[in-house]
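What follows is a single structure, written as C-alpha cells, with notes after it.
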Amino acid sequence: MDDDPRTAALRAAVAAHHARDAAERRSTEIVLHALAALPRPFDEHADPTHVTGSAIVTDGDGHVVLHRHKRLGTWLQPGGHVDRDESVAEAARRETREETGLAARHPAGGPVLLHLDVHPGPRGHRHLDVRYLLLAAGDAPLRPAAGESPDAAWFALEEAIRRSDASLASALRALEARTTPAVRTTAGGGPPRPAAGRGRSRPSRCHGTRPTPAPGA
C-alpha cells in the first residue's frame with residue numbers, strides 16, 4: 001500500500017482533470033489505475049511504469065519553449081523523472097531549468113495540470129507523463145545545463161504544433177484553449193529576442209517568421 005502523500009494529491013488532480021480527446025481520456029484511466037496499483041509510482045527503479053513530470057512553458061504571448069531531445073532528435077517539451085521527495089509539479093520546474101535554463105514558474109493560483117499522456121520510455125519503461133502549465137519571461141536567455149541538449153528555442157504556438165507528435169500537439173492545443181489575458185499578464189514577458197546560449201546556434205524566436213529549422217528536425 002502506497003502511503004506517499006504525493007500519490008493522493010496527484011490522484012485527486014488527475015481525477016479532476018478534463019481530458020481533451022479519446023487518447024487523453026485513455027491516458028487518464030491508465031494513470032489513475034497505476035496510482036492505485038503501484039507501491040512506488042514516482043520511483044523509476046521500482047517499476048517500469050512510473051510517473052514523469054513535464055512542462056508546457058509559455059510566455060503568455062503565443063510562444064512556447066521546446067528543446068530538441070539529444071537522443072531522439074525530436075522537438076519536445078522539457079520534462080523527466082521525479083526525484084525522491086519531489087512533487088511532480090516541482091519536477092516539471094526543475095527539468096525546465098535543467099533543459100532550458102529558464103526559471104519558469106507555476107501560475108499564481110498554483111500548479112495547473114494541463115495534459116496527460118502515457119507513452120513508451122527507454123529501456124522498456126512506460127511513462128505516465130503529467131504535463132503542467134509553466135510561465136516564463138519571453139526575453140529570458142535559454143541556457144541548458146551541461147550535458148543537456150544544446151538546442152532549445154521559443155516557437156510560435158502553431159509552429160510548435162507543426163513540429164510536434166499528436167500527443168504534444170494535443171497538449172499545445174490545451175494551452176491554446178486556456179490562454180487568457182491573466183496568463184499573459186502574469187508571464188512577465190518582455191520584448192522578444194533571439195535565444196542566447198552556447199554550442200550550436202539555435203532557432204531564434206521571431207514573430208510571424210518560422211524559426212530556422214535545425215538539422216534533422
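Miscellaneous remarks
- The coefficient of translational diffusion for the stretch 5-186, derived via Stokes-Einstein from the alpha carbon Kirkwood radius under 25 °C and 0.890 mPa s, stands at 151 µm²/s.
- Of the residues GLY110, ALA91, ALA9, the one whose Cα sits farthest towards the positive end of the charge dipole of the stretch 7-137 is ALA91 (charges of +1 on Lys and Arg Cβ, -1 on Asp and Glu Cβ, taken about the Cα centre).
- Per-residue Cβ neighbour rank within 10 angstrom, fewest leading, LEU134, LEU172: LEU172, LEU134
- ASP21/LEU72 FRET efficiency (R0 25 Å; Cβ-Cβ; nearest 0.05): 0.60
- Dipole moment magnitude, nearest 20 debye, the stretch 5-186 about Cα centre, only Lys, Arg, Asp, Glu C-beta charged: 180
- Gyration tensor over the Cα atoms of the stretch 21-129: the corresponding equivalent ellipsoid has semi-axes (square roots of 5 times the eigenvalues, largest first) of 23, 16, 15 Å.
- Using the Cβ-Cβ distance between ARG84 and ARG162 with R0 set to 35 Å, the FRET efficiency works out to roughly 0.40.
- Per-residue ³J(HN,Hα) for the stretch 122-127, Karplus 6.51 cos²θ - 1.76 cosθ + 1.60, θ = phi - 60°, Hz, x for Gly and Pro: x, 6, x, 7, 10, 9
- Sequence-distant residues sharing a close amide H with THR49 (under 5 Å, placed H): ARG126
- ³J(HN,Hα) computed for each position of the stretch 82-90 - Karplus, 6.51 cos²θ - 1.76 cosθ + 1.60, integer Hz, glycine/proline x: 8, 6, 4, 6, 10, 6, 5, 5, 5
- Less than 5 angstrom separates the built amide H of LEU134 from those of ILE56, VAL57, THR58, all sequence-distant by 5 or more or on a different chain.
Only the coordinates and a few stated rules stand behind these numbers; no lab work does. A quick note: this is a predicted structure, and the numbers were derived from the prediction, not measured. Every residue, glycine among them, receives a Cβ derived from its backbone with ideal geometry; neighbour counts consider all protein chains shown.
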